[in-house]
Amino acid sequence: MFQRSHLQVLTDRIAEKRKSIFVLTGPRQVGKTTLIRQLLEKDLMPTYFVSADDASDPASETWIDQQWEKARLMLKNGSSESVVLIIDEIQQIKEWSRTIKRNWDSDTLKKLNVKVILLGSAQMLLQKGLSESLGGRFEVIPVNHWQFAEMQSAFGVTANEYAWFGGYPGAAELMKDEYRWKDYVNNALIETTLFKDILLLNRIDKPSLLRQLFDLACNYSGQILSFNKILGQLQEAGNSSTLTNYLHLLSGAGFVSGIPKYYKDTLHQKNSIPKLQVLNTAFIAARSTRLYEKVTNDPVEWGRVVESAVGAHILNSMNEGRYKTYYWRERNDEVDFVLQKDEKIIGLEVKSGNTNKAKGITAFQKYFNPDKVYMVGNSGILWEDFLKMNPGELF
């Protein structure tokens, strides 16, 4: 299981003698804190855990200094050669990265082995702080949305249920009451992320535009929309650069990604029209007025849900599989997903029904001579089986 493998990775890294900073990033409610609790149960060495949510004055840089001093006292008064300081929701503290750097460098000079684990749900803000202050001092361990195999093993979720309800372990027990499930995902996950992780921690001049863009991406997940078309769908005025920035923020929060078009040269890729893709199909279900039973009986809408589930799986597995993801379209020919790993590319076409027609694949082969092409659906790899795979193994 992908999430469970994180525990072994973290356990192995903490057991190493070298001094280290590990940064666990990922969306809210995907198990980062649970992962830390499991690590604490192993009792590998003295550990001090604290959450920045409990800081009396998050604007004060001295809060981290105080926590660090407690960890140093544990090291001084104990018999272990090292101690682990774990800080949750680190992005809540102003200038956190510079304060971490100052304490880290001080310990290095004094040969104090305080290992550090930082957790945060605002990935964009974390990455900014890491690149600005902690270059060469940290290792990122991304924790993504739960995959189908994990949800099935932990909660007995079927493939159809996963495609609609997505991968939120905290909401799994609410699926039998879909109205209650929708309320939980909307209020406890989506709204909390929009307001706490994005709006409060970034400069957003048009917050209603950000919300509208998110809702539009949920409605049009898997579709290719130019920014001009997107602006035409939105009620509030904006421009392409604003939408690009907001889409970047939504991606960093684990909400929505804009998949670029595949070109042989990277310059065209950066300027291409994005294909909107939710990173968890729970967002489609939560924002929809329709219910699971109705959607599964609508072949057109269900096909869109299945394609989004496949797309979310591909994007959430990129770090594990070490590949990049694109789409391709030329006139009326289209390939849903193009995966690139080193010099190799493969094309993936998703068909949830019984059709095996995929003229886009034929055109794609003619243009690019890919290493491999696959159909995901009844005429190829069953989409249910694909959701259990690591797409990187297709190369």
Seminar exercise, completed: Among residues of the range 72-90 being surrounded by fewer than 22 Cβ atoms within 10 Å (Cβ to Cβ) and among the acidic types (Asp, Glu), the residue farthest from residue 44 (Cα to Cα) is 88
Exercise. Is it true that some residue in the range 87-109 is at pLDDT below 90, of a type in the set (Val, Ile, Thr) and under 25 Å from residue 5 (Cβ atoms)?
Worked result: yes
Seminar exercise, completed: The helices (runs of 4 or more DSSP H) lying wholly within the range 17-115 that contain at least 2 residues that are touching a Gly at 6+ places or on another chain (Cβ under 7 Å) and without any contact (Cβ under 8 Å) to a residue 60 or more places away in the chain are 96-110
Exercise. With respect to residue 345, is the statement that it is buried (at least 21 other Cβ atoms within 10 Å of the Cβ), assigned by TED's automatic domain parsing to the domain that holds residue 160 and not in a strand (DSSP E or B) true?
Worked result: no
Exercise. Out of all the residues in the range 265-300, which are at pLDDT 95 or above, assigned to a helix (DSSP H, G or I) and farther than 22 Å from residue 146 by Cβ?
Worked result: 293, 294
For this session: Quick one: which helices (runs of 4 or more DSSP H) lie wholly within the range 155-264 and hold at least 1 residues that are closer than 24 Å to residue 34 by Cα?
Result: 159-165, 178-184, 240-252
Exercise. Looking at the range 376-395, which of its residues are over 20 Å from the mean Cα position of the chain (by Cα) and not acidic (Asp, Glu)?
Worked result: 376, 377, 378, 379, 380, 381, 382, 383, 394, 395
Problem set entry | the range 379-394, residues that are without any contact (Cβ under 8 Å) to a residue 60 or more places away in the chain and in contact with a strand residue (DSSP E or B) (Cβ under 7 Å, 6 or more places away or on another chain) | 379, 380, 381, 394
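The values are calculated or read from the model by the stated rules, or taken from the named source; none is laboratory data. In this text the structure is predicted, and so the values were computed from the model without any measurement. Please note: Cβ atoms are built from the backbone with ideal geometry, for glycine as well, and neighbour counts cover all protein chains shown.
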